[in-house]
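A quick write-up on the structure given underneath.
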Amino acid sequence: MKCPFCGSENIAGSDDCDDCGEDLTAFDGVRPSTRLEKSIAKDALSTLPGSAPICLGPDTKLRAVADQLALENRSVLIVDAGKLVGIVTERDLLFKVMGKVQDWETIPVSQIMTRNPDTLEFGDKIAYALHKMALGGFRHIPILHEGRPERVVSVRDILEYLAEMFPNAVGIHESNP
């Protein structure tokens, strides 16, 4: 197999390139050809400008979760004993709570959270995040480090990465404010 990053020949079925060390497992028949494709396939999630997660316990009441989402406008991770057990987004509140729950002060978030959300690790490639998000239909993905939530990457983070990486392609120029 020819490495899509450095062009070096590798033994068919190799997981990593012998010369540059890049992960080859994601390229079963896929060969990135443009700079954009190569960047998305090569760059790890650690290069994205993600943010530290807001973590709350499963017994946290919906009002407190809504207050956090109003302040940060992103997701809230639900953690129990240091382990990620769920995620809640503004869409969860909109579709699962609005008009259906009368008393936000007494209902624990565990009743509406998405349990056992898909996760990735810092070393995983941006392409993996895009793939999981597209297949799952979600806009936030928790990033774990040694099994603990360390960051949340959103579609917005990926778009910011693309805009910074390829300013000419998205019409951003140095002279424009």
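The values are calculated or read from the model by the stated rules, or taken from the named source; none is laboratory data. Note that the coordinates shown come from a computational prediction; the quantities given were computed from them, not determined experimentally. Here Cβ is always computed from backbone atoms with ideal geometry, including for glycine, and neighbour counts include all displayed protein chains.
State which residue is farthest from the chain's Cα centre (by Cα) when the search covers only the range 72-90 and only residues that are surrounded by 15 or more Cβ atoms within 10 Å (Cβ to Cβ) and outside any strand (DSSP E or B).
The residue in question is E90.
Restricting to the range 108-121, count the residues that are surrounded by 17 or more Cβ atoms within 10 Å (Cβ to Cβ), of a type outside the set (S, T, Y) and not in a helix (DSSP H, G or I).
Selection size over the range 108-121: 4.
Specify which of the listed residues (K61, K38) is basic (K, R) and not assigned by TED's automatic domain parsing to the domain that holds L130.
Going through K61, K38 in turn, just one is basic (K, R) and not assigned by TED's automatic domain parsing to the domain that holds L130: K38.
Within the range 44-63, how many residues are in a loop (DSSP other than H, G, I, E, B), at pLDDT 90 or above and not small (G, A, S)?
Total satisfying the criteria: 4.
With I112, I87 as the choices, which residue is out of contact with any helix residue (DSSP H, G or I) (no Cβ under 9 Å at 6 or more places or on another chain) and in contact (Cβ under 8 Å) with a residue 40 or more places away in the chain?
Just one listed residue meets the conditions, I87.
Of all residues in the range 122-137, how many are among the β-branched types (V, I, T) and in a loop (DSSP other than H, G, I, E, B)?
0
Kindly indicate which of D92, D124, D118 is of a type in the set (D, E, K, R) and over 24 Å from A44 (Cα atoms).
Going through D92, D124, D118 in turn, just one is of a type in the set (D, E, K, R) and over 24 Å from A44 (Cα atoms): D92.
Taking the range 127-155 only, how many residues are more than 18 Å from D92 (Cα to Cα) and not hydrophobic (A, V, I, L, M, F, W, C)?
Here the count works out to 10.
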